[in-house]
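What follows is a set of notes on a single structure, which appears directly below.
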Amino acid sequence: MTPPIIYASAGAAVLCLGLFGFLAARHVLRRILALNVMGSGVFMMLVALAARTDPPDPIPHALVLTGIVVAVCVTALALALLTRMCRDEGSALLPEDRDIE
Amino acid sequence: MTDPWIPLVAVGLPFLTGIVIFMLDDRQVALRSLLNLFGAFAKLVLVGVMLWGVVNGRDYGVRLAIAPGLDVALHVDALALLFITLSAVLWALTTVYAIGYLENAAHRSRFFGFFSLSIFATTGIALAGNLFTLFVFYEILTLVTYPLVVHRGTQKALAAGRVYLCYTLAGGAVLLLAVAWLHALAGPRDFVAGGYLREFGTDHQFTLILLFGFLIAGFGVKAALFPLHGWLPVAMVAPAPVSALLHAVAVVKAGAFAIIRVVYDVFGVEFAQSLGVLGPLALLAAFTILYGSFRALTEDELKKRLAYSTVSQVSYIILGVAVLGPLSTIGALVHLVNQGLLKITLFLTAGNLAETLGVHHVHEMDGVGRRMPLTMTAFTVGALGMIGVPPIAGFVTKFYLGSGAAQAGQWWVIVVLVASSLLNACYFLPILYRAWFQPQSAPWPNEKREGFDAKAVLLVPVLFSAALAVGAGIFANAPFGPLEWAKLISSREFGYGP
Amino acid sequence: MTQESWMEGTLAAPLLGAVLALIAGRSAASAIGILTALVGSAASIGLAFAVSRGGSFRYAVGGWGAPLGIDLRVDALAAVMLAMTGVVGLCISVYAVGYFRGKEAEAASSRTNTGPAWLFWPMWLMLWGGMNALYLSGDLFNIYVALEVVGISGIGLIALAGGSAIAAALRYLLLGLAGSLLYIVGVELLYAGYATLDLEQLRQRIDAQPSTWLAAALMTAGLLAKSALFPLHFWLPPAHGHALAPVSAALSALVVKTGFYLLVRLWLDVFAALGTEHVTTFLGALGAAAVLWGGVQALQQERLKMMVAYSTVAQIGYLFMLFPLASMSGSLTGALLLAVSHAMSKAALFMCAGSVLAVYGHDRIQSLQGFGALMPMTAAAFALSSISLIGLPPSGGFAGKWMLLSAALAGGAWWWAAIIVLGGLLTAAYLLRVLAFAFLEPVVASSTRAPRAMELTSLILAGMAIAMNFALLPLHDLLHAGGAR
Amino acid sequence: MSGDTLVLDLVLAGLLVFLAWRLLTLSDLFKATVLFIVFGVLLSLAWVRLNAPDVALAEAAIGAGVTGALVLDALRRLDARGPADEAQPLRLNLPRLVGALLVMGLGAFLLWSVLSLPPGWRGLSSETAAAMPRSGVVNPVTASLLNFRGYDTLLEIAVLMLAVLGVWTLNAEPMPPAEPAGPILDVLVKALLPPMVVVAGYLLWAGGHAPGGAFQGAAVLAAGGILLHLARPFNVANRGVVRLVIGFGFAVFLLVGLTLATLGGRFLELPERHAGILILMIETAAMISIALTFVVLFVGNARDNAGRDTS
């Protein structure tokens, strides 16, 4: 058990949790959170796998930095869309989820 | 030396005419009519040049590669000339007639544009040098005739158009499959007298039989073979010139012509016979002949009766093709021409009746012979020709078909021919009787014109085509007449003269 | 000009245009947009010629070279997609000028203004730049970033329409983001195995590790979601059907091709050594299902734009039938031609829908009587693009389908052939249902006219889709010269 | 590897998984968001443990900071309208069960793949080390971001720009701060703002040789801007000067790349001698643009709802 393996495994678990949250949740805000969690899991795996060598491979770090920034952009846009949808339609669920329950 | 320009111009000219006409305003009647007539007569001249050239041993052809091993090829051979001459002559007649018929109608630029494109497609079908090219133009023909069928813009016309497309597009889909399959199987091949598939011998026998079935089914839609004929009677809602186009000049003819090509120049008669596919085809054709005649008997609407008559008559061509032997081949080929001449006469006279008196049904025709003597004379010529009364053109056909059947020992074909002639008489003679020997029993449904007979521009094409039909019968043996061509083609297919 | 400079122009022109249009603002955005479109499309066509003459080449951005830097690879496949984007993109830009001018006139008459509508220009040019970057890229992670550029600009563009487009954009965004993340997982597994992100180097190093298979599966799943292949297509019709007409045209004609392109790159090239027969058959089967399902759905739509959007679902399916047929000669040419002519005819169809919407004020199919008489150019464009979409001769759609059909039949795979033919009939059914209304007499004489630029561009695009019938041979030569594989 | 650090790693990893689980299952979205921010902070610890200090900084500033602020702000807007209550705890039904099984399968496959990766992997560390002297900077991550893979970063800045365009398109209206800014916040802002600018500048400059860089610096700057907005609400409308600043970073980066290409090099090929200064220039421009981008993403474009933007 080395740190890379520990964190890569934890990353895989976080990734899967996020994916499940995305599939299962209906409230869009939670889906956005879930995708962010999933993204964190992905990046954890990426950095952990890069740490298998010493000193760690810096390229994945740069990739993760890019990934984090892209993720925050997409999140911001998603939240703006969500707010607008709420304003117009009064619900934070996608139309197909609204009439269930 | 192969000359590429004449066939290119022959195909391109109606296309360009059509495109230019689309751009005209509906009110530019004179310019549009001029263009139409120019297109039609230039076409006649071109066909004349090709006839003269081929007789003098020239070769006309052009090919354009679309993909590696896939060409669009145009080639002028005797069979192509037979068909293209027919369509050029009849198109000229129909164009003159249509200009008169559609005076003051709406959307004329659209109409004549598609009209021109129809002849573009028909020319392409006639000159197609291989199956791929034939298929391409055959599909184009479907597309450009659809707007003509729905031209009136009524719900009924739209429904007819829907039926037309259902049949033709489904047929086209089967055809696409068959043509592509054959292409994959045999590679890129041009039409050749005697066919090119016999090289397979006994290989792929099942596939080839299947493909023959597909091809007949695909082309049989336009040729209105039973049970694929359903669109034809429905499509008679279209204006008279369109009916003439569908029944005599382009569509139905294209189907029959394509079947001739498939049997003679793709499979080859003898190879098709060895596959055992000609017998069923002959049976189907014979059934269609009788079926069409029976249906025609009971139709009171004149154009519908004529439409079922077409269903029946076109299958004479198929029957002639399917009965092995040079004489029946001649019969089939000649009937391609004769049926066109007779049917265009009949449909145009029906148009005259509708346009002048508002007569659409047989029961309204009492005494119409005295009101419109010239029109009805032409009608009479057409009707008698269909029955097969000498010396009108239809007789020649039946004579050769009968002799061919006798030569091939297929006596049942003669029975079919006789029965069909009787039926033809049964549905045409009552009309003639009403028209000539009954007094007028009711006012004309919608009399639009007071003077003698119909408008001259409607009358002249009708009389001309009737005269041609008589001429084709009397002068059947004239040099370079249809019969001569038919004999020539037949001798090439069978390798010996009759 | 050298090959490299054509490529640099293709890459940089839309990106530069986008930022300039943003800085310049409302008054100058459309002028900059048109200018950029002209330069960009000229550069991409020039690049296609350069590749057909000089063959494919690689370009090390920043001069470092793979695996440390990012290599672009410019081969025939990329050149075709770029030229397609260039030509269709130019037409969309011209159409958009007319479209937004019409909107402005409308807004002026009702004393409002068009709000942020001009943001179309920077977002559209950025979308274009993103697609160009994606087609050129030879690096897995760079492809991800380009995908995000495409995705986010596409979402912004959809949101321009407001109303029900917002929820559609949100759905698209969530699914797209999930797809991207799956793709990244695949990329990192490959990097963790082979220490490179370069497609070419990966192709050489690839072997059948479990992580490689998992990476391939995850990347494929992500890309399938982005390219809206059945059964992951559900986000597409609302998104494309509710967006503004030029946006719908861009998304349906161009953006959906990006996922397909990447999957072609991956499965027919990078992963080819894995022994991929089951995968390609699977992709083909999904494509076949998409053709049938999309067609049946399109047949049931009551709104024109929704129908055209479902038609995209079906047409994407056709492209995926390339995968099982890829080993047959001519199939790649056919599929590419199909993609190109679909881009043209689908853009034209959405443009027609936009013009109809401008004249009729709605796009309910049942109430479009007589649009042929009211707007003959649009009707002609609709008819011509229908011919190509159905695959009737002569048209690019026909030539492409013919090649696929021949490939299927030559390989004895008649079931693919049957689907191709059947799909054509379905397409005919839903398109001609609309077209028939053109021939009815108009019920109301509408006085509004669609701007001429809109009608004319759609007709030009549709005409090009027909002319593509004769593009097989040049395309074949280009693929030969530019070594697509 | 000492036992202590192994325990630390195990606890940290377990905590991360636990937090992820909790924040996805809590029915209260506000609590979930707070957990998400805690998750982000712990994640940056994990990055430190994995020898990725640059990522750790970015995660803390952007992943947890900016994202957290954005989500909290959005939640507040939703709350004002009620739809925040629509969140329901996840009840297990058949589709979710199937989803859970599939995802578990994926997890198992992922684990197996990770464990079966061949040993002796070196990544690109030696290639990077060899190329560092020519990169113009000392920090390999910065070298990779701005030089080796600068093209990725160019497109990434395009994504940032696009996000702003999207927010403007949506006319996302800003919320006034929940309570009128008290004097404490005012004082805080006055006290904090100058050092924040200094820190941002330092991070930017430090990026050349130590962890840091444009993105982290921009996040700090943006945090200052957001604080300022909370204290004295302002808006960043879709105005000429705002657009100029937003587009500035991308334009500079692209133009530098193109100029180098026209001078005979390749696109974005930084000449060895000037690489350092060029990188600093690009980073400065990028930082300013990105900082404003983050502020716009947070603030939206206030009084532009009727489309009265001036341009």
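Any read-out appearing in this document is the output of simple, stated calculations on the displayed coordinates, not a laboratory observation. Just so it is clear, the model here is predicted, and its values are computed rather than measured. Because the Cβ atoms are built from the backbone with ideal geometry, glycine has one as well, and the counts that use them run over all protein chains shown.
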Length released on extending from C:PHE234 to C:SER5, taking residue separation times 0.36 nm less the Cα-Cα span: 78.4 nm
Nearby lysines by direct alpha-carbon distance to C:LYS305 (threshold 25 angstrom, same-chain neighbours under 8 apart not counted): C:LYS103, C:LYS226, C:LYS257, C:LYS346, C:LYS401
Kirkwood hydrodynamic radius over Cα pairs of the range B:342-498, then Stokes diffusion coefficient at 25 °C and 0.890 mPa s, in µm²/s: 143 µm²/s
Exposure proxy ranking, count of Cβ atoms within 10 Å, fewest first, for D:HIS274, A:HIS61, B:HIS75, C:HIS242: D:HIS274, B:HIS75, C:HIS242, A:HIS61
Chain C: angle of helix C:414-436 to the longest principal axis, Cα-based, in degrees nearest 10: 20 degrees
B:PHE38-B:TRP412 pseudo-label distance in nm [points 7 Å out on the Cα-to-Cβ vector]: 5.6 nm
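Counting only other chains, what is the mean number of Cβ atoms within 10 angstrom of the Cβ of each residue in peptide D:63-70?
The mean count of partner-chain Cβ atoms within 10 Å per residue comes to 5.
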Three-way shape call for chain A based on the alpha-carbon gyration tensor, with the a/c threshold at 1.5: oblate
Cα gyration tensor, the range D:125-311 - rounded (a/c under 1.5), prolate or oblate: oblate
Exposure proxy order (Cβ contacts within 10 Å, fewest to most) of B:CYS166, C:CYS91: B:CYS166, C:CYS91
Estimated 222 nm signal from helices in chain C, with DSSP H stretches of n ≥ 4 weighted -39500 (n - 2.57), rounded to 500: -25000 deg cm²/dmol
In degrees, nearest ten, helix B:456-474 long axis to first principal axis of chain B (Cα): 50 degrees
Convex hull projection area averaged over all views, the range C:276-485, Cα basis, nm²: 11.2 nm²
12 Å reach of a label modelled at C:GLU441, 7 Å along Cα-to-Cβ, counting backbone N of the range B:98-123: B:106-107
Top positive-direction residue, dipole computed over the protein assembly as shown with Cβ charges, set B:GLN155, C:TRP415, B:GLY385: B:GLY385
Inter-label distance, nm, simple model (7 Å from Cα along the C-beta direction), C:THR281/C:LEU35: 5.7 nm
Degrees separating the helix C:26-54 axis from the principal Cα axis of chain C, which is the longest one: 40 degrees
Highest-MSF residue in chain D out of D:SER126, D:SER144, D:SER135 [GNM, Cα springs under 10 Å]: D:SER126
Per-residue [θ]222 nm for chain B (sum of -39500 (n - 2.57) over DSSP H runs n ≥ 4, rounded to 500): -24000 deg cm²/dmol
Summed side-chain charge close to C:SER395 - residues other than C:SER395 whose Cβ falls under 14 Å, Lys, Arg +1, Asp, Glu -1: +1
Cβ-Cβ FRET estimate between B:ALA106 and D:LEU244, R0 fixed at 56 Å, reported to 0.05: 0.45
Test item: C:423-429 mean partner chain Cβ contacts at 10 Å: 3
Net charge of Cβ neighbours under 10 Å - reference B:ARG63; Lys, Arg +1; Asp, Glu -1: -2
Nearest-0.05 FRET efficiency for B:THR2 and C:SER367, computed from C-beta distance (R0 56 Å): 0.55
Label-point gap, in nm, between B:GLU301 and B:VAL457 - each point 7 angstrom along Cα→Cβ: 2.7 nm
Net charge of neighbours whose Cβ lies under 10 Å from the Cβ of A:PRO3, counting Lys and Arg as +1 and Asp and Glu as -1: +1
Partner lysines for B:LYS487 [C-alpha distance under 16 Å; skip if fewer than 8 residues away on the same chain]: B:LYS398
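Inside 10 Å of the C-beta atoms of B:126-136, what's the mean count of C-beta atoms belonging to other chains?
Going residue by residue through B:126-136 and averaging, the value is 1.
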Chymotrypsin sites (Phe, Trp or Tyr not before Pro) restricted to the range C:388-426 and DSSP loop, no more than 13 other C-beta within 10 Å: none
Efficiency of FRET from Cβ geometry, B:HIS363 and C:TRP414, R₀ 41 Å, rounded to 0.05: 0.20
For the protein assembly as shown, diffusion coefficient by Stokes-Einstein and Kirkwood Rh (Cα), 37 °C, 0.692 mPa s, µm²/s: 96 µm²/s
Rounded if a/c under 1.5, otherwise prolate or oblate - the range D:1-90, Cα gyration tensor axes: oblate
